[in-house]
1. Residue 81 - would you say it is open to solvent by 20 Å² or more (accessible area, probe 1.4 Å) and either touching a Lys or Arg at 6+ places or on another chain (Cβ under 6 Å) or modelled with pLDDT of 95 or more (or both)?
2. If I go through the stretch 84-135 residue by residue, how many of them are surrounded by fewer than 17 Cβ atoms within 10 Å (Cβ to Cβ) and touching a helix residue (DSSP H, G or I) at 6+ places or on another chain (Cβ under 7 Å)?
3. Please name all residue pairs, on different chains or six or more residues apart, with Cβ atoms under 6 Å, provided the first residue is in the stretch 13-33 and is aromatic (Phe, Trp, Tyr) and the second residue is outside any strand (DSSP E or B).
4. Using the structure shown, decide if residue 48 is among the charged types (D, E, K, R), at pLDDT below 85 and over 11 Å from the mean Cα position of the chain (by Cα).
Amino acid sequence: MSALALASGLGCTNAYLQNEGPFVFTATEVIRDDCGLLSASSVQDSWDTGELIITGDVVRMNYELLDMQLVGAFLEGGSLDEDGFMLDGSVSNAPLSAKGTQCTVDQVAVHLEATTQCATQFDGVLRVRYEPRVEQPECACQVWMRYQAVQNSQPCKLAP
């Protein structure tokens, strides 16, 4: 019985370098911002947090933006030094602001692509798409940005 317990416990280890837990997102480059959510002065400002949960190859994130859950997986072909993963999520009937207008959109869809830089940092591209109701076409917009996500204010250390 103890051998079975030991064997089943071995399957629960994280095979990826990326830590689980809370990460703070910072926009490093605005690629597209039809919504007017990120001003040029806020590019270096913190932009939401997410709690990363890893179960085998499955990755989940409880993302602070509109209190949504993103779900995805690690990508094939990564090495132990460079794990890539992607996450997707959406929320319906979200009240928000776009282009200075109060909107209630049918759906907000989020797509996140990430590359692990070290256990406490990953970066990539984040896309947020507002899908408005028919009566609010002015609320249709997208935000694309390059970001950096860091855990416990501990970004990767650069080699000397």
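The values are calculated or read from the model by the stated rules, or taken from the named source; none is laboratory data. Everything quoted here is computed from the prediction, not taken from an experiment. Cβ coordinates were reconstructed from backbone atoms using ideal geometry, including for glycine residues, and neighbour counts include every protein chain displayed. All accessible areas refer to the heavy atoms of the entire protein, side chains included, with ligands and DNA or RNA removed. Shrake-Rupley method; radii C 1.70, N 1.55, O 1.52, S 1.80 Å.
1. Numbers: open to solvent by 20 Å² or more (accessible area, probe 1.4 Å): yes; either touching a Lys or Arg at 6+ places or on another chain (Cβ under 6 Å) or modelled with pLDDT of 95 or more (or both): no.
Against the criterion (open to solvent by 20 Å² or more (accessible area, probe 1.4 Å) and either touching a Lys or Arg at 6+ places or on another chain (Cβ under 6 Å) or modelled with pLDDT of 95 or more (or both)), residue 81 does not qualify.
2. The number of residues fulfilling the criteria is 2.
3. Final answer for the pair search is 16/83; 23/151.
4. no
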